Structure formats: C-alpha cells, structure tokens
Amino acid sequence: MSITTMLSGRGAQAPAAPKTDVALDLRNVQKTYDTPGRPHVEAIRNLDFQVRRGELVCVVGPSGAGKTTLLRSIAGLLDVTAGEVVLDGTTVTGPPEGMAVVFQEYGRSLFPWMTVRQNIELPLKEKGIPKAERREKVDRALEEVSLSEAAEQHPWQLSGGMQQRVAIARAIAFEPTVLLMDEPFAAVDAQTRAELEDLVRSLWKHLGVTVLFVTHDIDEAVYLGERVIVLSNRPTVLMEDVKVDLPPERDQLTTRSDPRFGELRGHVYELIQRAKRGERPDETAAVDKGV
Amino acid sequence: MIRFLKATGYVLGLPVILLTAWWFGSANSTSPFWPPLSTIIETFPSTWTWDRIVGDVFPSLARLGIGFGLAVVVGIVLGTAIGLSPTLRALSEPVLEFFRAVPPPVLVPIIALFAGYTGWLGKIVTIALGCLWPILLNTVEGVRGLEPVLGDTAKSYHLSPWRRLVFVVLPGASPRIFTGARQSLSIGVILMVISELFGANRGLGAAIVQFQRSFAIPQMWTGVIVLGLIGVLLATLFKVVENRMLAWYVGQRQIERGA
C-alpha cells in the first residue's frame with residue numbers, strides 16, 4: 001500500500017510534468033540502422049502514439065516488427081533516427097530517471113553473483129536511499145511479488161517464473177513512473193505465465209504505475225491491456241490502436257471466455273495476419289508492396 | 001564416513017602408487033644420478049632445515065607472491081580498461097598477441113640485463129611479466145563477454161560507472177579472471193625457479209642448482225620434491241579462494257547442467 005503513496009508522492013514532486021496526463025509520448029519516431037555492409041535498414045518508419053499516466057498499454061506485432069527496437073528506443077538504450085520519445089515532458093536521450101525495464105531474458109538480467117535482495121537493492125543504492133529504508137523497500141517489493149522467502153537466495157536457485165518475479169520486484173522497488181516490459185513472459189510455461197499476467201494486472205492497479213507491455217502473444221495483449229497497439233511489418237508503422245473495452249476486473253477464466261474478449265482477440269489476430277502479409281494501414285499498403 | 005574414505009582414497013591413490021613404484025624401482029639403484037628413494041628421504045630432514053627454509057624457500061615464495069600479485073593487479077586493471085574500450089582494444093590487440101607468444105623464460109636474460117641477475121628486482125619482474133599475459137588476456141575476454149542484458153540492466157537503472165565496474169563488470173568477468181590467474185600461477189612457479197637458475201645464490205631454484213653442481217644428488221632430488229609439494233599447496237590454496245569467490249558461478253553451472 002505504501003508503495004502507492006510513495007509513487008504518488010513522487011509524481012506530485014515532479015515539476016517536469018505539470019501540463020499533461022501523458023506519461024509517455026512518441027512523436028514521429030523513426031529508426032534506421034546504418035551499419036557498414038548493410039546501409040540504411042529501415043526498422044521503424046513512423047510511430048506516433050501516447051500512453052496516458054496510469055495506463056496499461058500492450059504493443060503487439062508480427063515477429064520482426066521492430067518491437068525490441070521500439071522498446072530499446074523508449075528505454076533510452078538506442079538513439080532514434082528522427083522524432084522523439086518524451087517521458088514526463090522530457091525528451092529521452094539516455095535511460096530516463098523514471099523508467100524501469102523488465103527484460104525478456106529474466107535469467108540474464110539478474111546479477112547471478114548477488115542474492116535476490118542485493119539485486120533489488122542495487123538500483124536503490126544508486127539512488128542514495130539510506131540503508132534502513134532500502135531494506136524496507138526491498139521487503140515490500142518482494143512481498144508484492146510473493147517472494148519474501150527467497151530474499152537471501154541467488155537468482156539461479158529459483159525457477160524461471162520466480163526469477164522473472166524478482167526482475168519485476170526490482171523494477172517496482174525502483175518506483176518508476178513508467179514500467180517497460182519486453183516480452184517478459186515469453187520464456188516461461190503457460191501456467192506460470194497466467195500467474196505472472198495476473199500479477200502484472202494487480203501491481204498495475206494498486207501501484208498506479210504506467211505500464212508499456214511488449215508481447216508477441218495476442219491473447220496476452222488483449223487480456224492485459226487497456227489498449228493494444230498493433231504494429232505493422234517492417235519498416236514499422238502503427239497498424240491500429242485498439243481500445244480494449246473489457247471490464248477492469250479481469251480473471252483468467254471469465255475474461256478469456258467473455259465474447260467481447262473473443263471479438264477483440266479476433267480483431268487483433270486479423271490485424272497481425274494482415275501485417276504479416278505486408279499490408280499496411282490505409283493507402284500506404286499498395287505503395288509499399290510496390291517498393 | 002565411507003564417502004570421506006572414498007574421497008581420500010581418490011586423492012591419495014595415485015600418489016601412493018607412484019611413490020611405491022618409485023620406492024621399489026629405485027631400491028637397488030647404484031646409479032649416482034638415480035639414488036634409491038629411501039636415500040632421498042633419509043637426506044630430506046638434514047637438507048631442509050628451518051634455516052634453509054627461511055633462507056631459500058621463503059624468499060622464493062615471497063618473490064612469487066609479489067610478482068604474481070603485481071601481475072594480478074596490473075592484469076585486471078589493464079584488462080578491464082582494454083575490455084571496456086574498443087579503441088584501446090584495437091590499438092593493443094596485435095601487441096598483446098605478440099607478447100603472449102613470447103615464451104616467458106626467454107625474458108629472463110633480457111630482464112637480467114636491465115634489472116640485474118642477483119637482486120630481487122629482476123626475479124620479481126620476470127615472474128610478474130610472465131604471469132601478466134594470461135590474466136590480462138582473460139580479463140579482456142571476460143569483460144568483453146559480459147552478458148549484454150546485464151549491461152542494459154545496469155544502464156537502465158543508471159548505475160554509476162564505479163558501481164557498474166565493481167558490481168557488474170568485475171564480478172561478471174571473474175570466472176575468466178580466475179582462469180587466467182590459475183594459468184599464471186603455474187607459469188609463476190616455473191619462472192620462480194628459472195629466474196634463480198642464473199647466478200642467484202639463494203632461493204629454491206638456486207639451491208637445486210647448487211646441489212646438482214656439487215654432486216649432492218639426493219639433496220637435489222629432495223629439492224625437486226619440495227618444489228612439487230609447493231605446487232600442490234599453491235594449487236590447493238588457489239582452489240579454496242576460487243571456490244569462495246566463485247561460489248555463485250559453480251552453483252549456477254551445476255544447476256544449468258542438471259536442468
């Protein structure tokens with residue numbers, strides 16, 4: 001509970017974002033790779049969308065749609081070629097302050113030479129938080145992901161799903177305004193995956209954090225998101241911004257058997273299929289096929 | 001208990017067999033160069049007195065310690081810098097490969113020209129230079145081979161360069177650093193002896209050469225045995241330190257293999 005208060009306290013102090021309720025703003029973002037031997041590979045042609053404060057938005061696209069490129073650009077790990085990524089009113093030029101990333105490769109994003117506690121604590125140390133408070137924050141974050149008993153273990157002693165929960169605990173202990181998740185559950189089994197999805201939903205709801213969740217799984221995107229952003233094939237543009245008008249209380253059983261869920265899933269599925277065939281939104285489709 | 005006995009048996013089995021073979025194989029030997037093991041063992045206590053240990057063994061080990069220690073520090077510092085900077089790497093790689101290819105004993109006469117034959121300096125420099133390359137090159141590889149996701153994680157949580165170095169880069173490279181240090185340690189022991197073969201008057205290597213030149217053959221053999229024992233002792237010490245510092249790595253690998 002007190003993480004919520006801390007988060008809102010943090011938001012209130014932030015003078016950078018007085019004007020809008022937009023947490024994350026992508027303005028005509030383009031990314032072209034220029035490597036010797038393969039000059040001018042266009043990954044992202046143009047992406048322009050906003051994520052409002054406290055929203056949970058999923059990004060899906062066919063494989064090779066530049067999802068990872070997009071996420072790395074938003075995370076400030078990759079420079080964009082044109083346009084800008086704006087977080088809390090500030091243009092992203094490097095990894096921004098108020099952002100935490102949960103990577104797909106859970107096993108490789110945790111420091112194996114540290115215990116679970118040390119992993120979560122390290123970013124807090126960097127923030128200059130005093131020891132007692134750090135301890136408290138780590139304990140609370142572990143409680144949130146129900147891993148309190150694993151605090152003194154090493155990540156590699158835990159199962160894949162537990163490791164990813166440690167990564168999530170580390171991210172929420174950091175108290176970001178935006179939480180980026182890059183296909184975080186791609187490598188865990190289906191049951192664990194369902195659990196983790198519900199964990200993300202519940203954390204999102206009671207922490208009030210903004211979440212951008214990248215996935216290739218259509219069901220997951222519709223189940224989790226308030227909106228689903230569907231990307232086209234490379235060079236990536238926005239295929240469609242689908243609003244998920246499912247009730248906010250979601251449940252693996254009832255939500256997934258809701259007819260509306262089926263409709264939305266069908267719609268996103270169809271969009272992805274079209275994207276895979278190289279179709280693009282509106283008039284650009286024909287032109288691109290010619291090129 | 002049975003497991004303990006079994007483990008002890010594995011450790012001691014082959015040495016016991018070899019010693020027995022040596023004992024009986026050399027028992028009736030009349031060759032002055034190949035004295036019976038019983039004779040060698042008889043001369044052992046009178047040869048390796050406390051005075052000799054203090055006068056010959058300790059200085060040798062001290063020089064090894066200093067030389068190896070220097071190599072570890074310089075190797076890790078330089079190796080980390082080279083591993084982190086592509087520019088430095090491009091500049092230094094051919095040179096490093098050249099020095100790596102030069103057999104360390106060749107350096108002894110060259111270093112002796114500059115640092116002298118008899119003093120500690122030349123010997124320490126010889127040991128340090130010989131030990132440096134495996135540590136340096138392995139550190140470079142270890143730092144370069146760091147899991148990119150860990151680097152991204154460190155970056156996205158804004159870890160300062162210092163924290164990144166201490167908490168991410170060095171621990172990540174430590175398995176490779178230990179591999180290099182282990183190679184270096186055996187090179188160091190060899191160089192410890194070789195550096196004393198030319199014109200030194202005290203030290204383990206010097207003692208063995210002096211025994212040989214004065215036809216004290218059983219004593220010479222005891223020197224060889226002392227050297228071997230020191231090698232075993234150092235390897236054991238190294239293993240203890242490694243197991244402590246790389247406990248996470250050993251554990252992780254066991255689990256990966258089990259899975």
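For B:Pro175, indicate whether it is within 14 Å of another protein chain (Cβ to nearest Cβ) and under 19 Å from the mean Cα position of the chain (by Cα). Steps first, answer last, please.
Numbers: within 14 Å of another protein chain (Cβ to nearest Cβ): yes; under 19 Å from the mean Cα position of the chain (by Cα): yes.
In short, yes.
Of the residues that make up the range A:114-124, is at least one of a type in the set (Lys, Arg), farther than 18 Å from A:Val166 by Cβ and modelled with pLDDT of 90 or more? It would help to see each step written out before you state the result.
Just the residues of the range A:114-124 that are of a type in the set (Lys, Arg), to begin with: A:117.
Checking the rest, the ones that are also farther than 18 Å from A:Val166 by Cβ come to none.
No.
Return yes or no: is A:Thr236 under 23 Å from A:Asn28 (Cα atoms), at pLDDT below 90 and buried (at least 23 other Cβ atoms within 10 Å of the Cβ)? Can you show your working first?
Details: under 23 Å from A:Asn28 (Cα atoms): yes; at pLDDT below 90: yes; buried (at least 23 other Cβ atoms within 10 Å of the Cβ): yes.
Considered against the rule, which asks whether it is under 23 Å from A:Asn28 (Cα atoms), at pLDDT below 90 and buried (at least 23 other Cβ atoms within 10 Å of the Cβ), A:Thr236 comes out as yes.
For the range B:87-132, give me each residue that is small (Gly, Ala, Ser) and surrounded by 15 or more Cβ atoms within 10 Å (Cβ to Cβ).
Quick first cut of the range B:87-132, residues small (Gly, Ala, Ser) only: B:90, B:92, B:101, B:112, B:115-116, B:119, B:122, B:128, B:130.
Hits for the range B:87-132 are B:Ser92, B:Ala112, B:Ala115, B:Gly122, B:Ala128, B:Gly130.
Being of a type in the set (S, T, N, Q), without any contact (Cβ under 8 Å) to a residue 60 or more places away in the chain and either in a helix (DSSP H, G or I) or loosely packed, with under 14 Cβ neighbours inside 10 Å (or both) is true for just one of B:Thr80, B:Thr8. Which residue is that?
On the way: B:Thr80 fails: without any contact (Cβ under 8 Å) to a residue 60 or more places away in the chain.
Only one candidate passes the filter, namely B:Thr8.
Take the residues in the range B:159-172 that are among the β-branched types (Val, Ile, Thr) and in contact (Cβ under 8 Å) with a residue 12 or more places away in the chain, then tell me which one is farthest from the other protein chains (Cβ to nearest Cβ). Explain how you work it out, then say what you get.
Keep residues of the range B:159-172 that are among the β-branched types (Val, Ile, Thr), which gives B:166, B:168-169.
Then keep just the ones that are in contact (Cβ under 8 Å) with a residue 12 or more places away in the chain; that gives B:168-169.
Values: B:Val168: 7, B:Val169: 11 Å.
Applying the filter and picking the extreme gives B:Val169.
For the range A:141-186, give me each residue that is more than 21 Å from B:Gly251 (Cβ to Cβ), outside any helix (DSSP H, G or I), out of contact with any Phe, Trp or Tyr (no Cβ under 6 Å at 6 or more places or on another chain) and of a type outside the set (D, E, K, R).
Scanning the range A:141-186 gives A:Val145, A:Ser146, A:Phe174, A:Pro176, A:Thr177, A:Val178, A:Leu179, A:Leu180, A:Pro184, A:Phe185, A:Ala186.
Within the set of pairs 6+ apart or on separate chains, which have a first residue in the range A:151-180 that is away from every other protein chain (no Cβ under 12 Å), a second that is of a type in the set (Gly, Ala, Ser) and crowded, with 24+ Cβ neighbours inside 10 Å, and C-beta atoms under 7 Å apart?
That search, which allows pairs on different chains as well, returns A:Ala169/A:Ala141; A:Ile172/A:Ala141; A:Thr177/A:Ala23.
Filter the range B:133-158 down to the residues that are over 15 Å from B:Arg176 (Cβ atoms), in contact with a helix residue (DSSP H, G or I) (Cβ under 6 Å, 6 or more places away or on another chain) and crowded, with 21+ Cβ neighbours inside 10 Å, then identify the one that is farthest from the other protein chains (Cβ to nearest Cβ).
Among those that are over 15 Å from B:Arg176 (Cβ atoms), in contact with a helix residue (DSSP H, G or I) (Cβ under 6 Å, 6 or more places away or on another chain) and crowded, with 21+ Cβ neighbours inside 10 Å, it is B:Ala154.
Looking only at the range A:155-192, which residues are under 22 Å from A:Gly61 (Cβ atoms) and buried (at least 18 other Cβ atoms within 10 Å of the Cβ)? Please lay out each step first, then the result.
The first filter runs over the range A:155-192 and keeps only residues under 22 Å from A:Gly61 (Cβ atoms), leaving A:164, A:178-188, A:190.
Within the range A:155-192, A:Gln164, A:Val178, A:Leu179, A:Leu180, A:Met181, A:Asp182, A:Glu183, A:Pro184, A:Phe185, A:Val188 qualify.
Could you please find all residues in the range A:152-161 being closer than 25 Å to A:Lys205 by Cβ and modelled with pLDDT of 90 or more?
Hits for the range A:152-161: nothing passes.
Return the residue satisfying two criteria in turn: it lies in the range A:121-139 and is within 11 Å of chain B (Cβ to nearest Cβ) and over 23 Å from the mean Cα position of the chain (by Cα), and of such residues it is surrounded by the most Cβ atoms within 10 Å (Cβ to Cβ). Steps first, answer last, please.
To start, the set of residues in the range A:121-139 that are within 11 Å of chain B (Cβ to nearest Cβ) comprises A:121-128.
Among the residues that remain, those that are also over 23 Å from the mean Cα position of the chain (by Cα) are: A:125, A:128.
Values: A:Lys125: 17, A:Gly128: 7.
In this case the residue turns out to be A:Lys125.
Of all the residues that make up the range A:212-238, how many are assigned to a strand (DSSP E or B) and within 20 Å of A:Val188 (Cα to Cα)? Spell out the reasoning first.
Within the range A:212-238, the subset assigned to a strand (DSSP E or B) is A:212-214, A:227-231, A:236-238.
Okay, now just the ones that are also within 20 Å of A:Val188 (Cα to Cα), so A:212-214.
Looking only at that region, the number is 3.
Looking at the range B:42-69 only, could you name the residues that are in a helix (DSSP H, G or I) and without any contact (Cβ under 8 Å) to a residue 40 or more places away in the chain? Lay out the reasoning, then the answer.
Residues of the range B:42-69 in a helix (DSSP H, G or I): B:42-47, B:50-69.
Selection gives B:Pro45, B:Ser46, B:Trp50, B:Asp51, B:Ile53, B:Val54, B:Phe58, B:Ala62, B:Gly65, B:Gly69.
Among A:Val60, A:Val86, which is under 24 Å from A:Ala43 (Cα atoms), in contact with a Ser or Thr (Cβ under 7 Å, 6 or more places away or on another chain) and more than 13 Å from every other protein chain (Cβ to nearest Cβ)? Outline the logic, then answer.
Working: A:Val86 fails: in contact with a Ser or Thr (Cβ under 7 Å, 6 or more places away or on another chain).
When all the criteria are applied, what remains is A:Val60.
For (1) more than 13 Å from every other protein chain (Cβ to nearest Cβ); (2) under 24 Å from A:Lys205 (Cβ atoms); (3) within 21 Å of the chain's Cα centre (by Cα), each residue gets a yes or a no:
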site	(1), (2), (3)
A:Ala65	yes, no, yes
A:Gly94	no, no, yes
A:Arg108	no, no, yes
A:Glu149	yes, no, no
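The values are calculated or read from the model by the stated rules, or taken from the named source; none is laboratory data. Note that the structure is a prediction, hence the values are computed from the model and not measured. Cβ atoms come from the backbone with ideal geometry, glycine included; neighbour counts cover every protein chain shown.
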